[in-house]
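Q: One structure, as structure tokens, below. Some questions next.
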Amino acid sequence: MTDSSDLPDHSPKRPTATPIERPVVAPPTALFGSDAIAEALRALDIPYIALNPGASFRGFHDSLVNYLGNEQPQMLLCLHEEHAVAIAHGYAKVTGRPMAAAAHSNVGLMHATMAVFNAWCDRMPLLLIGATGPFDAAQRRPWIEWIHTARDQGAMLRDYTKWDDQPASAAAARESLLRAAWITQTAPKGPVYINLDVQLQEAPLPAPLPPIDPRRYMPPVAAAASDRQVAEVARLLSSAQRPVILAGRVSRSELAWNARVRLAQALGARVVTDLKVGAAFPTNHPLHAGAPGIYASPEARDVIAAADVILSLDWVDLAGTLSAAFGPGDPRARVIQVSQDHTLHNGWSMDYQGLPAVDLMLAADPDEVAIALADAIAAPQREHGAARPAFHGPALDGGAITMAHLATGLRGAVGSRDVSLVHLPLGWDGQFWDFKHPLDFLGSDGGGGVGGGPGISVGAALALKGGGRTPVCIGGDGDFLMGATAIWTAAHYRIPLLYIVANNQSFFNDEVHQERVARMRGRPVENKWIGQRIDDPAVDIAGIARAQGALGIGPVRSADQLVDAFRQALAHVDAGGIAVVDVITQPGYTPAMVAALNHSSGQKK
Ligand SMILES: Cc1ncc(C[n+]2csc(CCOP(=O)(O)OP(=O)(O)O)c2C)c(N)n1
Ligand SMILES: [Mg+2]
């Protein structure tokens, strides 16, 4: 059996950014080191390379334009390296496949790092190409190539990449790219980094590289559980009284989605899902417990606490969720974990979370295991009542806008069209919007790095382009303002996207924290906004959008204007554009979110 990327592909057809930026002519033969490197990228079927330019990869840049003709991969110019990586991250969230990104020697890479961390924590593939001034010091141009040469650039991101390399010849660079492409796509997926010496890129090729077939260097890695393990888990689950499935990091495959539904229905298992990762189970299904959240809802916690057997399909933070449900000490239920994530854990990043109690561990792909279990447990599908009714939103009157109004207005404007929510704000409540398909929601930024939202949304929109789904981002104002210039890349390459800013005019998450501290210390809560509020002057978010060639609408201040504003924006998106709608939104989080933020460090579990 193979990795989930080999499951039948239900993702939209490979999209293309609008073909602009066509070079005049392309020469026929590979003459330089970077020509061979660019050729290897093409052979690896890398569709795009998002970048901000730099002299350290000017040879490679030339090869992409003048040797490959800026096609396959096509360059996507970005205004910040963080966006280049975030775009690749968003693209991978939809397709499960890597795009390339390139970052200039050390300073560009420094800009890129937070986005690499986000992709790492989200376990998304990414082929990051960097460059360095000549490693041979005798060849360095004065000053600039000295400041842009660092002993070990890979060290900057070695702790949150799967692998990195600094090859010393064109032949070695090609091998390095093949290895990188294989590693990044092999589960658990994650970013890889290759650093290209400027001299290696610019040196003439001594001789053409012998042709190779890259497919022979991408062996699928067996990721299925053994028949014996599947039988054992099937037996445990079938004899459980109150089985619960925690559907975590799974792929966008429809086949695996349907298998999870079959499995839950055959077992009568309750299912919990999570807003940190993409949609994993129909949220309106009668077996789905509570609404998905960044933290488990009270209903989800109750269902978990009552379970006798728990099947975790690579659930993010299994230990934290179990302790939130069962309290301190060992969980009462038997716990089955399906995950290969431990193979990535290292001593630097604690994104591996707490150590969960696990009675049975399948180091296997969660999609493969769900399919195998659904096939093994051939019990008749039980009746489970009617689907949960859709969210009944508040009246869209002339009053101030809450997140519930925003969701209701969006629902009114999109009607029955297929929408992918590519990013959601911290104040979102999972009950606002049902997920009925793996592409209905793509999960969060992974690493909690604010500013990732715009780039991730643009990358996801790129991958969804031409696939019949409308990409919609709803993001915080703080997140938008940190990453706002990613909008230009979408405008420039005609990537359709509806971007709604839930503008509470604050880094509100941290107002909640200041309130908590004030209460703990008996100090005035009224001061919580200081150093948090983004006002006086209020930022003209629609203006920032317009200034980059997007349609900018707003600020929208009353709920009765929402549907019209969103309809106007959608018309622009349907015509191939990016629209940004600034919605002045009342601050507020779900009770589960507030409780989690107020759980102070050092507090007993
Ligand atoms: C790069 C980065 N800087 C700071 C933070 C701390 N932080 C977490 S949430 C948040 C506020 C984000 O603001 P916004 O997107 O407007 O969402 P809101 O909190 O208002 O719901 C901040 C500053 C972070 N997570 N990442
Ligand atoms: Mg905010």
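Where a number appears in this text, it was derived from the coordinates with a stated rule and is not lab data. Quantities reported herein were computed from a predicted structural model and do not represent experimental measurements. Positions of Cβ are generated from backbone atoms using ideal geometry, with glycine treated the same way; all protein chains shown enter the neighbour counts.
Q: Taking the Cα atoms only, what angle lies between the long axis of helix 562-574 and the longest principal axis of the chain, rounded to 10 degrees?
A: It works out to around 30 degrees.
Q: Residues of region 75-92 with the amide nitrogen closer than 20 Å to a label point 7 Å from the Cα of VAL107, along Cα-to-Cβ, please.
A: Only 77-85 pass the distance filter.
Q: Then there is this: Assign unit charges at the C-beta atoms only (+1 for Lys and Arg, -1 for Asp and Glu), then state the dipole size of region 337-454 relative to its Cα centre in Debye, rounded to the nearest 20.
A: Values: 5 positive and 14 negative charges, 92 e Å.
Dipole magnitude for region 337-454 comes out near 440 debye.
Q: Could you tell me how many degrees, from 0 to 90 and to the nearest 10, lie between the Cα long axis of helix 254-267 and the main elongation axis, the longest principal axis, of the Cα atoms of the chain?
A: 20
Q: OK, next. Rounded, prolate or oblate: which one fits region 337-434, using the alpha carbon gyration tensor with axes a ≥ b ≥ c (rounded when a/c is under 1.5, else prolate when a/b beats b/c, else oblate)?
A: Verdict is oblate for region 337-434.
Q: Turning to a different aspect of this structure: Nearest 5 percent is fine: what portion of the DSSP beta bridges confined to the chain is antiparallel? Present the calculation step by step, with values, prior to reporting the outcome.
A: Details: 3 of 64 bridges.
Around 5 percent of the beta bridges assigned by DSSP in the chain are antiparallel ones.
Q: Considering only C-alpha atoms, what is the centroid distance from region 220-278 to region 68-91, in Å?
A: Taking the Cα centre of each part, region 220-278 and region 68-91 sit 35 Å apart.
Q: I would also like to ask the following. Kindly state, to the nearest 0.05, the FRET efficiency for ARG521 paired with GLN586, given R0 = 25 Å and r defined as their beta-carbon distance.
A: Details: r = 27 Å, r/R0 = 1.07.
Computed FRET efficiency for ARG521 and GLN586 comes out at 0.40.
Q: Report, by chain and number, residues whose modeled amide H sits under 5 Å from the one on LEU362, excluding near sequence neighbours (fewer than 5 apart, same chain).
A: Under 5 Å from the amide H of LEU362: GLN337, VAL338, SER339.
Q: Okay, next question. Rounded to whole Å and ordered largest first, report the semi-axes of the equivalent ellipsoid of region 253-364 derived from its Cα gyration tensor (root of 5λ). Could you put the intermediate results ahead of the total?
A: Numbers: eigenvalues 92, 59, 40 Å².
With the √(5λ) rule applied to region 253-364, the semi-axes are 21, 17, 14 Å.
Q: Among TYR352, LEU318, HIS342, whose Cα projects farthest towards the positive end of the dipole of region 316-367, with charges put on the beta-carbon of Lys, Arg (+1) and Asp, Glu (-1)?
A: Going by the charge dipole, the pick is LEU318.
Q: Taking the Cα centre of the chain as the origin, how large is its charge dipole in debye, to the nearest 20, when only Lys and Arg (+1) and Asp and Glu (-1) carry charge on their Cβ atoms?
A: My answer is approximately 640 debye.
Q: Another question about this same structure. Quick one: 3J(HN,Hα) in Hz for region 494-510, Karplus 6.51/-1.76/1.60 with θ = phi - 60°, rounded, Gly and Pro as x.
A: Per-residue couplings from phi come out as 6, 9, x, 6, 9, 10, 9, 9, 7, 8, 8, 6, 6, 7, 4, 3, 8 Hz.
Q: Can you put LYS189, LYS162, LYS436 in order of Cβ neighbours within 10 angstrom, beginning with the fewest? Don't jump to the answer; show the numbers that get you there.
A: Numbers: LYS189 27, LYS162 21, LYS436 14.
With the sparsest Cβ surroundings first, the list reads LYS436, LYS162, LYS189.
Q: Using a cut-off of under 16 Å, list every residue of region 364-394 whose amide N is near the label point 7 Å from the Cα of THR343 along the Cα-to-beta-carbon line.
A: Once the point is set 7 Å along Cα→Cβ of THR343, 364-369 turn out to lie under 16 Å by backbone N, inside region 364-394.
Q: At R0 = 25 Å, how high is the FRET efficiency between ARG215 and ILE20 if r is their beta carbon distance? Nearest 0.05 is fine. Walk me through the numbers before you get to the answer.
A: On the way: r = 31 Å, r/R0 = 1.23.
Calculated transfer efficiency: 0.20.
Q: First select every other residue whose beta carbon is under 15 angstrom from the beta carbon of GLY453; then total the charges, Lys and Arg +1, Asp and Glu -1. Mind showing how you got there, number by number?
A: Numbers: positive: LYS93, LYS276; negative: GLU82, ASP122, ASP445, ASP477, ASP479, ASP582.
Its environment carries a net charge of -4.
Q: Here's another thing I want to ask about it. Contour minus end-to-end for ALA172 and ASP418, with contour as 0.36 nm per residue of separation and end-to-end as the Cα-Cα distance? All intermediate terms of the calculation are to be shown ahead of the outcome.
A: Values: separation 246, 0.36 × 246 = 88.56 nm, distance 4.52 nm.
Extra length from ALA172 to ASP418 when fully extended: 84.0 nm.
Q: With Kirkwood's inverse mean 1/r over C-alpha pairs for Rh, give me the Rg to Rh ratio of region 500-566, two decimals please.
A: On the way: Rg = 15.9 Å, Rh = 14.0 Å.
Value, to two decimals: 1.13.
Q: For Cα pairs less than 8 Å apart in space and 6+ apart in sequence, what is the mean separation divided by the residue count of the chain, i.e. the relative contact order in percent?
A: Answer for the chain is 15 percent.
Q: Mind giving me the nanometre distance, one decimal, between the label points for HIS513 and ASP152, set 7 Å out from Cα along Cα→Cβ?
A: Output for this residue pair reads 3.1 nm.
Q: Between ASN106, GLY278, MET156, whose Cα lies farthest towards the positive end of the dipole of the chain when Lys and Arg beta carbons carry +1 and Asp and Glu beta carbons carry -1, centred on the Cα centre?
A: GLY278
Q: Would you mind computing, in nm to one decimal, how far apart the modelled labels at ALA390 and ASP560 are, each placed 7 Å from Cα along Cα→Cβ?
A: Taking the two extended label points, one gets 2.4 nm.
Q: Also: For region 421-496 and region 561-597, what is the separation of their Cα centres, given in Å?
A: 11
Q: Rounded to the nearest 0.05, what FRET efficiency is calculated for GLN353 and ALA306 with R0 set to 30 Å and r the Cβ-Cβ distance?
A: Values: r = 23 Å, r/R0 = 0.77.
It comes out at approximately 0.85.
Q: OK, next. Taking every DSSP beta bridge with both residues inside region 420-544, roughly what % is antiparallel (nearest 5)? Write down the numbers at each step before the final one.
A: Working: 1 of 10 bridges.
Beta bridges within region 420-544, antiparallel portion: roughly 10 percent.
Q: Another question about this same structure. If each of ASP45 and GLN72 carries a label point 7 Å out from its Cα toward its Cβ, how far apart are those two points in nm?
A: Result for the modelled spin labels: 1.1 nm.
Q: So, one more: Are any of the pairs LYS189/LYS436; LYS162/LYS189; LYS93/LYS465; LYS162/LYS276; LYS93/LYS276 more than 18 Å apart by Cα-Cα distance, and if so, which? Display every interim value, and only then the final one.
A: Details: LYS189/LYS436 25 Å; LYS162/LYS189 8 Å; LYS93/LYS465 14 Å; LYS162/LYS276 21 Å; LYS93/LYS276 12 Å.
In this structure, LYS189/LYS436; LYS162/LYS276 exceed 18 Å between Cα atoms.
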